[in-house]
Amino acid sequence: MDSSVVDCMGLIFYDDRDNMSCHFKLILAFNCGHKTNFPLTYCLCSPRVVFCGYSIPHPSDNKVNIRVQTTGDPAKDVLKDALENLTQMCQHVRSTFRKTVDDFKIKNQ
């Protein structure tokens, strides 16, 4: 996996206190905010996920709580797949942007 998306994220996985199942996870992510977590929750929206969301406990903290509840797959696996999908989307956007900029420069020389 390309580390460009997850370099900013130090992840700590907590089991849900009410249900110690691997299908419910609370993840504490460091050094990221809305710019990283909104796209991540978009990537988490799949038939494998019952609920996903995030909250930022305090605006001055660089911590984010991410909650994932799955239909049966381990939450860590679902999160890993979502991060890989997000990485692929970022790579596609980056390469498309670079190609467009290069084409523009060639056209306007």
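A few comments on the model shown:
- Whole-Hz couplings from phi, Karplus 6.51/-1.76/1.60, listed for the stretch 50-65; x for Gly and Pro: 8, 8, 8, x, 9, 9, 10, x, 8, x, 7, 7, 9, 10, 9, 9
- Sites Asp81 and Ile56, calculated FRET efficiency, Cβ-Cβ separation with R0 25 Å, nearest 0.05: 0.60
- Contour excess over end-to-end distance, with Cα ends at Cys45 and Arg94 and 0.36 nm allotted per residue: 15.4 nm
- Whole-Hz ³J(HN,Hα) from phi, Karplus 6.51 cos²θ - 1.76 cosθ + 1.60, for the stretch 73-89, glycine and proline x: 6, x, 4, 4, 5, 5, 5, 4, 4, 5, 5, 5, 5, 5, 4, 5, 5
All of the numbers you see were taken from the coordinates with simple rules; none came from a lab. Quick caveat: nothing in here was measured; it's all calculated off a predicted structure. We place every Cβ from the backbone using ideal geometry, glycine too, and count neighbours over all the protein chains shown.
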